[in-house]
Amino acid sequence: MTRTSPAGTPLGDAFHMYDTTLRDGAQREGISYSVTDKLAVARLLDDLGVGFIEGGWPGAMPKDTEFFARAAKELDLKHAALVAFGSTRRAGAKADTDPQVRALLDSQAPVITLVAKSDRRHIELALRTDVDEAAEMVRDTVAFLVAEGRRVFLDAEHFFDGYAFDSDTALRVIGAGMEAGADVAVLCDTNGGQLPLGLAETVREVIDRTGFRVGIHCQDDTSCAVANSVAAVQAGASHVQCTANGYGERAGNADLFAVIGNLVTKLGMRVLPTEAMPELTRVSHALAEIANIAPDTHQAYVGTSAFAHKAGLHASAIKVDPELYNHIDPVIVGNDMRVLVTEMAGRASLELKGHELGVDLAGRPDALNNALAKVKELEARGWSFEAADASLELLLRDEVGGAEAVRAPFELESYRVILDHRIDGEVVSEATVKVHVAGRRVIATAEGNGPVHALDAALRKALVPHLPWIDEVELTDYKVRILTSGGSPRATEHGTDAVTRVLVQSTDHGLEWTTVGVHGNIVEASWLALCDALTHKAMRVRSGVPTGGGLRP
């Protein structure tokens, strides 16, 4: 059994970082954790240094019952205590005979969080009982679990709405739990309708009136869950419930990583082990993978765009001092600063981007000016380099020239793609490529489930005898955007002046890189992106080392 207090956290029991991804976060539409997934999530959160991990509702959910059974045998938590979630006994029953309460004990979790309604309207309309009985349900259940050696937290559901409607009832409910031995009264903004100033005022007032240790649990229906959580801490709360990446029902919950980032970097609270802070970004993305949800690129602190700068004015200042446009050093949370190159870019942006990609433009003013002019020209025609660092790197190296210039590993003579709609309804694409590689003229033909797939297959077939690394390269993502001849994706006209932008993401199972192609013909746009992808790989093979900031492990 895991320890009953988060002794492995920097602030010990003085402050609680409490994660409820496996219960509240799992209520997000589209998330369905297996038991194995839940164990993996728990290990990642424990490695990060979270103090409490709520594993689910044993007895109510068979999957959660199995999770706690396996956790008792398979989890060796170093920082966190495992928490079982459940409700108080039923009205008119006794805690020691209530099967749901018994299931909480059977989970072997050292900590139990009980949910209790603290809004008189919910007590009377949803529970169909009175305030006296509701308070007794809390008192009886908490006292029973404490007597059985469990630490108990009380989640006061709908607390802020209930406090505004009838503060005496809300306080009576949490008072019944605290008097019976609960450690923390967690004030829940269940409907997510609170704003920071009002919520902080209520938290401060509750502490002043009761002297209780209070916690905070915020939903994000006003997009204020993180702000509300931080405001509650500033008002005196010492227990914060969050979910990884803000997962949760409706608009979600307070994002664990944003809350930690704010508490540590803005309030100076050591809520995680120091060595864990640079792991925030990695763990956030790993948890997104387990949830099978793409990481939010614009997520505070840990998103890939959280420290990405696009405007030329920003880049000029960043060149002088990165702190001028970054609120923290991104390395603190395991992230990195990026400079995006678009039609808005200036010389400073491109110079910084070149440095990020391993191309020195600082001492080459002519190359820098020529590259900037070419980027602006191509962007005006529909190219986009902010998501295609590998193509941009090739462009910059070509402008620098000399040893920096990059040769494609083959030369195209011609290609042809045909579409065969057969009598049985099957549609097959066939591509033929003629290329010159390693001093030889090679012709290859292949079929695919689309013209781009067929073209990629034919090219690989032609190159594989001469480029042994070609099988390492795999196309992992393919995006198509229809533009006008002016390059605007927002324009409404279509037809003969429309052009296509294709983004191709490739991997060699060690690194990922993205390339771009633009043309009036989707196949040619795809060909350009595919050629850049292979050229970038060939460049790295020749140099013997990975290059470029566009590469992601």
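The values are calculated or read from the model by the stated rules, or taken from the named source; none is laboratory data. Here the structure is a predicted model, which is why all the values come from computation and not from measurement. Heads up, the Cβs are rebuilt from the backbone with ideal geometry, glycines too, and the neighbour counts pull from every protein chain shown. Surface areas here come from the heavy atoms of the whole protein model, side chains and all, with no ligands, DNA or RNA. Shrake-Rupley method; radii C 1.70, N 1.55, O 1.52, S 1.80 Å.
Listed values, structure above:
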{"read-out": "Single residue of segment 419-451 satisfying the filter (over 41 Å from the mean Cα position of the chain (by Cα) and among the aliphatic types (A, V, I, L, M)) that is farthest from A529 (Cα to Cα)", "value": "I423"}
{"read-out": "Residue match in segment 508-528 (condition: outside any strand (DSSP E or B), crowded, with 22+ Cβ neighbours inside 10 Å, modelled with pLDDT of 90 or more and of a type in the set (A, V, I, L, M, F, W, C))", "value": "yes"}
{"read-out": "Residue in segment 175-185 that is farther than 19 Å from R120 by Cα and surrounded by fewer than 19 Cβ atoms within 10 Å (Cβ to Cβ) present", "value": "yes"}
{"read-out": "Residue list for segment 145-167, filter: over 15 Å from V214 (Cβ atoms) and not aliphatic (A, V, I, L, M)", "value": "E148, G149, R150, R151, H158, D161, F165, D166"}
{"read-out": "Where a residue in segment 8-32 is closer than 14 Å to L272 by Cβ and hydroxyl-bearing (S, T, Y) and its partner, wherever it lies, is in a loop (DSSP other than H, G, I, E, B) and open to solvent by 10 Å² or more (accessible area, probe 1.4 Å), with Cβ under 7 Å and at least six apart", "value": "T9/H79"}
{"read-out": "Output for segment 437-461, where each listed residue is at negative phi and open to solvent by 70 Å² or more (accessible area, probe 1.4 Å)", "value": "R440, R441, I443, E447, N449, H453, K461"}
{"read-out": "Residues satisfying the stated conditions in segment 429-454, i.e. over 21 Å from A408 (Cα atoms) and in contact (Cβ under 8 Å) with a residue 24 or more places away in the chain", "value": "S429, E430, P451"}
{"read-out": "Selected residue [in a helix (DSSP H, G or I), surrounded by 17 or more Cβ atoms within 10 Å (Cβ to Cβ) and at pLDDT below 80] from A390, A367, A403, A348", "value": "A348"}
{"read-out": "Whichever residue in segment 246-285 is in a helix (DSSP H, G or I) and farther than 15 Å from Y301 by Cα and, among such residues, is modelled with the highest pLDDT", "value": "E275"}
{"read-out": "Residues of segment 220-245 that turn out to be outside any loop (DSSP other than H, G, I, E, B), within 23 Å of E29 (Cα to Cα) and open to solvent by 10 Å² or more (accessible area, probe 1.4 Å), as a count", "value": "2"}
{"read-out": "Segment 374-386 - residue that is buried (at least 17 other Cβ atoms within 10 Å of the Cβ) and in a loop (DSSP other than H, G, I, E, B) and, of those, nearest to the chain's Cα centre (by Cα)", "value": "E386"}
{"read-out": "Test for D420: is it part of a strand (DSSP E or B) and either touching a strand residue (DSSP E or B) at 6+ places or on another chain (Cβ under 9 Å) or open to solvent by 50 Å² or more (accessible area, probe 1.4 Å) (or both)", "value": "yes"}
{"read-out": "Of all residues making up segment 472-493, the number that are of a type outside the set (D, E, K, R) and either at pLDDT 50 or above or not in a loop (DSSP other than H, G, I, E, B) (or both)", "value": "8"}
{"read-out": "Checklist (1) assigned to a loop (DSSP other than H, G, I, E, B); (2) buried (at least 16 other Cβ atoms within 10 Å of the Cβ) applied to G149, failing item", "value": "(2)"}
{"read-out": "Filter result for the condition that a residue is among the aromatic types (F, W, Y) and within 22 Å of T20 (Cα to Cα), over F165, F144, F160", "value": "F160"}
{"read-out": "Hits in segment 40-74 (condition: surrounded by 17 or more Cβ atoms within 10 Å (Cβ to Cβ), more than 20 Å from P6 (Cα to Cα) and among the small types (G, A, S))", "value": "G59"}
